[in-house]
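Below is one structure; the comments refer to it alone.
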Amino acid sequence: MKKLFNNLASVVLVLMCLSCSTYTVTTENLTSQLSGIDSTNLTPVRVRGPLGEEYNYLANPIDAIEVTDKKGNIVELTNMPSIEIRVTETNGKKTIFYFDRILIQENKLIGVQSRFISAIQQSIPLNEITKIEIQDGKKNFVYLSE
């Protein structure tokens, strides 16, 4: 019975991952889209998580992100609290941030990696980024109206 449960859980996890479309954006394009955004013009937001819990934090004010799909088409992706950005560095290390919690300062991409602990943030020099992937993590986080 335990083996059946583990197999079923694995299938569900794979199906969830397959339902996520992954897009890319170049470092230059992301820098352009985030230009003019710094810590002084972040927007206060309220977010409800998958268990009904609420979070308040400062987010970048971007409404949509211009990305490229797997066929090379430009797509506009609506910014939501479930949008994740996966950054690959020249050393192969991958870091995941929430898109609404990133900004660029002093030639570094700065982002928050946790909804629960805002102090968990990291910065990556732009010249060390080799790939940027963006997807809706489908984690059921939604913005709440004030």
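Placing +1 at every Lys and Arg Cβ and -1 at every Asp and Glu Cβ, with all other atoms neutral, what dipole size does segment 22-144 have around its Cα centre, in debye to the nearest 20?
Computed about the Cα centre, the dipole is about 400 debye.
Can you sort Val87, Val75, Val112 by how many other beta carbons sit within 10 Å, fewest first?
Val75, Val112, Val87
Rank these for me by crowding, Asp69, Asp100, Asp136, going from fewest to most other beta carbons within 10 Å.
Ordered by Cβ neighbours within 10 Å, fewest first: Asp69, Asp136, Asp100.
So what are the ³J(HN,Hα) numbers for segment 111-124, from phi and the Karplus equation (6.51, -1.76, 1.60; θ = phi - 60°), rounded to whole Hz, Gly and Pro as x?
x, 9, 9, 9, 6, 7, 10, 4, 6, 7, 9, 8, 10, 10
Taken together, the values in this text are just the output of simple stated rules run on the coordinates, not laboratory data. The model shown is predicted, which means the values in this text are computed figures rather than measured ones. No Cβ is skipped: glycine too gets one built from the backbone with ideal geometry, and neighbour counts run over all protein chains shown.
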